[in-house]
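Data block below; observations after.
The values are calculated or read from the model by the stated rules, or taken from the named source; none is laboratory data. Remember, it's a predicted structure, so these values are computed and weren't measured experimentally. In this analysis, Cβ positions are derived from the backbone assuming ideal geometry, glycine residues included, and neighbour counts consider all displayed protein chains.
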Amino acid sequence: MSERDDFAFMDATAQAELVRRREVTALELVDAAIQRIERLNSTLNAVVTPMYDEARQLAAGRLSEGPFTGVPFLLKDLIASHAGVRMTEGSRFLRDFVPDHDSEMVVRLKRAGLVILGKTSTPEFGILPTTEPELFGPCRNPWNIQCTAGGSSGGSAVAVASRMIPMAHGNDGGGSLRIPASCCGVFALKPTRGRNPLGPDHGDITSGLVCEHALTLSVRDSAALLDATSGPDLGDPYWAPPPKRAYAREVGVKLRRLRIGFSTASHIGVPVHPDCVSAVSDAAKLCADLGHEVQEATPATTIGIGEVVQAFMTAYGALQISTIDAWATRLGRKPNQEQLEPLTWAIYSTLCKYSASEYLLAVTVLQRAARDLARFFENHDVWLTPTLAEPPLPLGSFVSTAQDPLYGWNRMAFFSPFTPICNFTGQPAMSVPLFWNAEGLPIGTHFVARFGDEGTLFRLAAQLEEARPWAGRRLPVSA
């Protein structure tokens, strides 16, 4: 195995250290990553917009001095814009759009020293929990190429899992970081609402439903990257409470005994696959073996679950409508039926014509539900659940057709009933790859902490990573 192949087995922190010690150059790291992408992408279809020439030019020049100087990175093709590089958001409607500026998140990623090699696949406008846009075709899971990689950050998850690169950008409006992390066996933390910036093109996106971060091989990479990108931007509507110390310093810190409550049943009543139940039971036992207080516990609610579900779907539907309307305003033209997938067109044209009053009432319901969950954390430090209710499904499981255009929309809740909770409560959550089923597919485990407390999650994740390492597992399709 060559030295360049060795890079594939290093996390971003280790690669950055090689550059810092001048044992390799940034260009060597970039060239090696490009070779891995070119070798694997024809099978996995994770990278949809290469930026190789720009990346090599940047790597050969003077890079920003940051925690990840010279490390190759990929940007999800949704929300975060990169000046001069097309931004499709997985839609034919935007296939030729090229932004003229960097989003603040991209500014901070570059400031951290990262070298962006391209953009990764996402479902159209990030709607579905699978990455199969008609514009680019399906993104394939490296553990089984006939299975979904999850979504909407599926391309980024595949790139990290297959070792194309050590970490990649993603965002999360209903689980879009944690779902593909679970499907692909990598680590993903969804930060607290307002922790990372969304400007200058976005405010808080549906009252704080959406947040930005990354999928990573290691816990320490996720923590150090959040240190580099977090903090309020000028004019942000609000921001998360400042951490007590740098997140990178939380990794490896001796952890006090945590009070962990776990649930395996879905609060909305959909069935949970035995593999996903087993993953939680296994994680609960591991946490108990590590000295934590673990007991079964379910957050109490003061409002009906049906009312909460309807409120979330109203807010989520309004997000999709407003996304398309925002693009139509920006481009000066409205989409037609041929430019949108059947599901997206059905949502846009018939499903989600909510009034302003309905949207604001939905937000009020979701904020009441957030208060209910906050009370749970008066007596618990962490809530443990499945990340998903099912293992990675076969490709095509969410495909809507002209005959049944809302099929994918209606199917989502059966796959991912657990992750949206933290989007409307704003709480930090993470999917940790601790369990693989008999078919060799990863099954993520979901951990939630109180608002503003990513530190506890990073400390716990590092402890779990040490006890049950995942990065050394070998995939059927990988570098």
> Any idea which of (1) surrounded by fewer than 20 Cβ atoms within 10 Å (Cβ to Cβ); (2) assigned to a loop (DSSP other than H, G, I, E, B); (3) of a type in the set (A, V, I, L, M, F, W, C) is the one Ala240 doesn't satisfy?
Replying inline: (1)
> Val277 versus (1) farther than 28 Å from Ser397 by Cβ; (2) of a type in the set (A, V, I, L, M, F, W, C); (3) in a helix (DSSP H, G or I): which is the lone unmet condition?
Replying inline: (1)
> Do you know which residues across the stretch 140-191 are within 25 Å of Arg450 (Cα to Cα) and among the polar types (S, T, N, Q)?
Replying inline: Ser152, Ser153, Asn171, Ser176, Ser182
>> Being over 27 Å from the mean Cα position of the chain (by Cα), assigned to a helix (DSSP H, G or I) and more than 13 Å from Ser322 (Cβ to Cβ) is the filter here; which residues of the stretch 333-366 pass it?
In response: Gln337, Glu338, Ser349, Thr350, Ser357, Glu358, Leu361
>> I'd like the full set of residues that are part of a loop (DSSP other than H, G, I, E, B) and touching a helix residue (DSSP H, G or I) at 6+ places or on another chain (Cβ under 8 Å), limited to the stretch 59-78.
In response: Leu63, Ser64, Gly66, Pro67, Phe68, Thr69, Gly70, Val71, Asp77, Leu78
> Can you tell me which residues in the stretch 441-463 are within 19 Å of Met167 (Cα to Cα) and in contact with a helix residue (DSSP H, G or I) (Cβ under 8 Å, 6 or more places away or on another chain)?
Replying inline: Pro442, Gly444, Glu454, Phe458, Ala461, Ala462
>> What are the pairs with Cβ atoms under 8 angstrom where one residue, in the stretch 305-321, is closer than 17 Å to Ser355 by Cα and the other, located anywhere, is acidic (Asp, Glu) and assigned to a helix (DSSP H, G or I)? Sequence gap at least six, or different chains.
In response: Thr314/Glu358
>> For the stretch 134-153, which positions are among the aliphatic types (A, V, I, L, M) and in contact with a helix residue (DSSP H, G or I) (Cβ under 6 Å, 6 or more places away or on another chain)?
In response: Leu135, Ala149
> Can you tell me which residue in the stretch 351-394 is modelled with the lowest pLDDT, limited to those that are farther than 23 Å from Phe415 by Cβ and of a type in the set (S, T, N, Q)?
Replying inline: Ser355
>> With over 16 Å from Ser176 (Cα atoms), among the aromatic types (Phe, Trp, Tyr), at pLDDT 95 or above and in contact with a helix residue (DSSP H, G or I) (Cβ under 6 Å, 6 or more places away or on another chain) as the only criterion, which of Phe424, Phe398, Phe435 stands out?
In response: Phe435
> Which residue pairs have Cβ atoms closer than 9 Å, lie 6 or more positions apart in sequence or on different chains, and pair a first residue in the stretch 436-453 that is part of a loop (DSSP other than H, G, I, E, B) with a second residue that is among the basic types (Lys, Arg)?
Replying inline: Phe451/Arg193; Gly452/Arg195
>> Restricting to the stretch 464-479, and then to whatever is in a helix (DSSP H, G or I) and out of contact with any Gly (no Cβ under 9 Å at 6 or more places or on another chain), can you tell me which residue is surrounded by the fewest Cβ atoms within 10 Å (Cβ to Cβ)?
In response: Ala467
> Which one is farthest from Ala228 (Cα to Cα) among residues in the stretch 119-133 that are of a type outside the set (S, T, N, Q) and in contact with a helix residue (DSSP H, G or I) (Cβ under 7 Å, 6 or more places away or on another chain)?
Replying inline: Pro133
> Residues of the stretch 205-217 being part of a strand (DSSP E or B) and farther than 21 Å from Gln320 by Cβ, which ones?
Replying inline: His213, Ala214, Leu215, Thr216
> Quick one: what pairs do we get from the stretch 408-419, first residue of a type in the set (A, V, I, L, M), second crowded, with 18+ Cβ neighbours inside 10 Å, C-beta under 7 Å, 6+ apart or different chains?
Replying inline: Met412/Leu128; Met412/Pro129
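Could you tell me which of the residues Ala326, Ala362, Ala356, Ala297 is within 23 Å of Ser152 (Cβ to Cβ) and surrounded by fewer than 18 Cβ atoms within 10 Å (Cβ to Cβ)?
Values: Ala362 fails: surrounded by fewer than 18 Cβ atoms within 10 Å (Cβ to Cβ); Ala356 fails: within 23 Å of Ser152 (Cβ to Cβ); Ala297 fails: within 23 Å of Ser152 (Cβ to Cβ).
Of the residues listed, the single one that is within 23 Å of Ser152 (Cβ to Cβ) and surrounded by fewer than 18 Cβ atoms within 10 Å (Cβ to Cβ) is Ala326.
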> Can you name the number of the only condition in (1) under 30 Å from Glu89 (Cβ atoms); (2) touching a residue at least 60 places away in the same chain (Cβ under 8 Å); (3) of a type outside the set (D, E, K, R) that Cys287 fails?
Replying inline: (1)
> Which pairs do you get when a residue that is modelled with pLDDT of 95 or more and crowded, with 16+ Cβ neighbours inside 10 Å, found in the stretch 245-263, comes within reach of a residue that is assigned to a strand (DSSP E or B) and not acidic (Asp, Glu), reach meaning Cβ atoms under 6 angstrom, with the pair 6+ apart or on two chains?
Replying inline: Leu258/Val382; Ile260/Val294; Ile260/Val382; Ile260/Leu384; Gly261/Trp383; Phe262/Leu384; Ser263/Thr385
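Given the structure, is Glu54 surrounded by 21 or more Cβ atoms within 10 Å (Cβ to Cβ), on the phi < 0 side of the Ramachandran plot and of a type in the set (D, E, K, R)? Steps first, please.
On the way: surrounded by 21 or more Cβ atoms within 10 Å (Cβ to Cβ): no; on the phi < 0 side of the Ramachandran plot: yes; of a type in the set (D, E, K, R): yes.
No, not satisfied.
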> Checking Ile305 against (1) in contact with a His (Cβ under 7 Å, 6 or more places away or on another chain); (2) under 30 Å from Ser400 (Cβ atoms); (3) among the aliphatic types (A, V, I, L, M); (4) modelled with pLDDT of 95 or more, which test does it fail?
Replying inline: (4)
> Of the residues that sit in the stretch 250-296 and are in contact with a strand residue (DSSP E or B) (Cβ under 7 Å, 6 or more places away or on another chain) and of a type in the set (Lys, Arg), which one is farthest from Phe377 (Cα to Cα)?
Replying inline: Arg257
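Here's a check for you: in the stretch 57-111, which residue that is among the aromatic types (Phe, Trp, Tyr) and more than 19 Å from the chain's Cα centre (by Cα) is surrounded by the fewest Cβ atoms within 10 Å (Cβ to Cβ)? If you could, list the steps in order and put the result at the bottom.
Applying the first criterion (among the aromatic types (Phe, Trp, Tyr)) to the stretch 57-111 yields 68, 73, 93, 97.
Subset that is more than 19 Å from the chain's Cα centre (by Cα): 68, 93, 97.
Details: Phe68: 26, Phe93: 25, Phe97: 15.
In this case the residue turns out to be Phe97.
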